1. Pairs please, first residue from the range 51-73 and closer than 17 Å to GLY85 by Cα, second anywhere and of a type in the set (A, V, I, L, M) and open to solvent by less than 100 Å² (accessible area, probe 1.4 Å), Cβ atoms under 6 Å, 6+ apart in sequence or on different chains.
2. Could you tell me how many of the residues in the range 53-88 are assigned to a helix (DSSP H, G or I) and open to solvent by 70 Å² or more (accessible area, probe 1.4 Å)?
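The values are calculated or read from the model by the stated rules, or taken from the named source; none is laboratory data. This is a predicted model, so every value here is computed, not measured. Cβ: placed from backbone, ideal geometry, glycine included. Neighbour counts: every protein chain shown. What goes into the accessible areas is simple: the full protein's heavy atoms, side chains included, and nothing from ligands, DNA or RNA. Shrake-Rupley method; radii C 1.70, N 1.55, O 1.52, S 1.80 Å.
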Amino acid sequence: MQNLRVVEKDEPSGETTFRRSFPVTQVVQWVVGIVVAFALGTWLVWWGASLQRTFTMEDIRSACHRVMPETAERCVDTVIIQRGGARR
């Protein structure tokens, strides 16, 4: 047996949807998306700079150990100062 009911005339209920002329939810979604993209881009730039600095420090340290193994730390400090004073 089927649980179907025949509706002769479908009358709309008194509820109507209110449509705003200015789509607030879309604006909020765009703003959130832009903020997330900005934060991700900023983090990627910071991470890239940090990674480059780490590799440069390793290169300087390894070159100083090859050339002057007995005074490697002094060599590293000298090279860093000559390159513009990168902070350790």
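1. ILE60/VAL76; ILE60/VAL79; ARG61/VAL76; CYS64/ALA72; CYS64/VAL76
2. Pass one, the range 53-88, residues assigned to a helix (DSSP H, G or I): 53-67, 69-82.
Applying the additional criterion that residues be open to solvent by 70 Å² or more (accessible area, probe 1.4 Å) yields 53, 55, 58-59, 61, 65-67, 69-70, 73-74, 81-82.
Residues flagged as assigned to a helix (DSSP H, G or I) and open to solvent by 70 Å² or more (accessible area, probe 1.4 Å) within the range 53-88 amount to 14.
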